[in-house]
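Visitor: Quick one: this structure, given as C-alpha cells, is what I'll be asking you about.
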Amino acid sequence: MSPTRPRATRAAAVPEQLGFAGMPERLFVCTPSKLGAYADCPRKYRYSYIDRPTPPKGPPWAHNSLGASVHTALKNWYALSQERRAPGALPTLLKATWVREGYRDVDQERAAYHRALGWLETYVGGLDPEDEPLGVERVVATKTSVLALNGRADRIDSRVGPDGPEAVIVDYKTGRSGLDADDARGSQALALYAFAAERVFRRPCRRVELHHLPTGTVAAHEHTPESLSRQVRRAEETATDIVAAEKAVAAGADPDESFPVNPGSLCGWCDFRRVCPAGAGVEGKEPWTAVEHLASS
Ligand code: SF4
C-alpha cells in the first residue's frame, strides 16, 4: 500500500552532535526501506529500528502475503532451466511458496491465489525464457561518504542501450493501479538500486521500471547522473537527520520529540497503530482490505 502523505518534517540536524571534531563519522548502514520508513514517519522508524523489544505489531497483511508469494514465484521461475521456464510451471511454483496469512477466509485466499496465478501467467508469457537477468532478488551494495547502502532489487536486467550494455532495475508491483512514469521517477528506492547497481556491475544503470502485474503495465523512467545524485543526496540528508535524532536521544532528549509522529493516511495501514498515540484514534484497515476487490472484480 502506498497512500501518499507529506514527507515528514526534517528533524533539526545538530552538527556538533554528529561526532567528535576530527573523528570520521561512521557510515549509516541502511536499506531504501529503512530510509523510507523515516521519511514516512519518524515514530514508525523508531518503533521498527530502534525500540527493543520491538513494540507489538498488528496482524499480518494479506496484501503483503500476496506480494511476497508473487515475488517468490517469479524468483523461482528464473531459477528454472530455460527449457522449463513456461507458464505451465507457475501453479506448482506459486503453490509451493504461497503465504496464507492475513486473508479473511479460505474463499478470499483462493480468489487471491487464482488472481495471482493469472497475473503471473500473463506476465511470464511476455518474457523471453532465454533472457538471463544480471540478478534476481539480487542484493546490491555501495558506499557514499555518508551511507553504507544495500538493498535487494527484484530484478536487474541486462539490456543493450544506445551506448552499449546497460543494467535496468525492475520492481514488481501487485498493489494499486495507476502507476505512471512519475512514480518510477520519484521512487527513491529504485534510484538507489540503480546507483548501487551501476557500481556493482560496472555499467550504466539509469533506467528504472515498475512492472504492475495486475494490469500488465510498465511505468519507466530514465535517470540522469544528476537525478541519481539528487536522490542519493536526499538519502544522505535523511540519514543525517536520523543520526542527529539518535544522538539527541542518547544525550537525554525525549525520544517522542526526537522521533515525532507524522499522522496521516498511512496510519490506518501502520503495523504500530495500536501502540502509537497518534494511531490510537485512527480507524484501522482490516488485514485483508487491500485484497477485497480481488474476489469481486
Ligand atoms: S500510527 Fe501513524 S503516526 Fe503512529 S507510527 Fe504509525 S504512521 Fe506514524
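The values are calculated or read from the model by the stated rules, or taken from the named source; none is laboratory data. Remember, predicted model here, so these are calculated numbers, not experimental data. Virtual Cβ from ideal backbone geometry, glycine too; neighbours counted across all protein chains shown.
Visitor: Pick out, from region 103-203, the helices (runs of 4 or more DSSP H) lying fully within it that include 3 or more residues that are surrounded by 21 or more Cβ atoms within 10 Å (Cβ to Cβ). Please lay out each step first, then the result.
Guide: On the way: elements: 106-125, 181-186, 188-201.
Result: 106-125, 188-201.
Visitor: Out of region 234-267, which residues are at pLDDT 95 or above, near the ligand (Cβ under 9 Å from one of its atoms) and either in a helix (DSSP H, G or I) or among the charged types (D, E, K, R) (or both)?
Guide: Within region 234-267, C267 is the sole residue that qualifies.
Visitor: Tell me which residues, restricted to region 215-231, are among the aliphatic types (A, V, I, L, M) and either surrounded by 20 or more Cβ atoms within 10 Å (Cβ to Cβ) or over 22 Å from C30 (Cα atoms) (or both).
Guide: If we filter region 215-231 for residues that are among the aliphatic types (A, V, I, L, M), which is where we start, we get 218-220, 228.
The answer is V218, A219, A220.
Visitor: Another question, then. Counting only residues that are β-branched (V, I, T) and assigned to a loop (DSSP other than H, G, I, E, B), how many does region 86-102 have?
Guide: Qualifying residue count, region 86-102: 2.
Visitor: Here's a follow-up. Considering region 108-132 alone, what residues qualify as being in contact (Cβ under 8 Å) with a residue 60 or more places away in the chain, out of contact with any strand residue (DSSP E or B) (no Cβ under 8 Å at 6 or more places or on another chain) and farther than 12 Å from L66 by Cβ?
Guide: Matches in region 108-132: T122, G126.
Visitor: Moving on. Within region 52-63, take every residue that is away from the ligand (no atom under 11 Å from the Cβ) and in contact (Cβ under 8 Å) with a residue 24 or more places away in the chain and give me the one that is farthest from the chain's Cα centre (by Cα).
Guide: P56
Visitor: Restricting the search to region 268-297, which residues are assigned to a helix (DSSP H, G or I) and farther than 23 Å from D51 by Cβ? First the steps, then the outcome.
Guide: Going through region 268-297, the residues assigned to a helix (DSSP H, G or I) turn out to be 268-269, 289-296.
Passing the criteria: T289, A290, V291, E292, H293, L294, A295, S296.
Visitor: Additional query: Report, by residue number, each residue of region 232-247 that is of a type in the set (D, E) and buried (at least 16 other Cβ atoms within 10 Å of the Cβ). Reasoning before the result, please.
Guide: Of region 232-247, the ones of a type in the set (D, E) are 236-237, 241, 246.
Passing the criteria: E236, D241, E246.
Visitor: Pull up region 275-285, narrow it to residues that are exposed (fewer than 14 other Cβ atoms within 10 Å of the Cβ) and of a type outside the set (G, A, S), then point me to the one that is nearest to the ligand (Cβ to nearest atom).
Guide: P277
Visitor: Regarding region 215-223, can at least one residue be identified that is more than 16 Å from the ligand (Cβ to nearest atom), at negative phi and part of a helix (DSSP H, G or I)? First the steps, then the outcome.
Guide: Initial filter on region 215-223 (more than 16 Å from the ligand (Cβ to nearest atom)): 215-223.
Retained after the next criterion (residues that are at negative phi): 215, 217-223.
Those left that are additionally part of a helix (DSSP H, G or I): none.
Scanning region 215-223 turns up no residue that is more than 16 Å from the ligand (Cβ to nearest atom), at negative phi and part of a helix (DSSP H, G or I).
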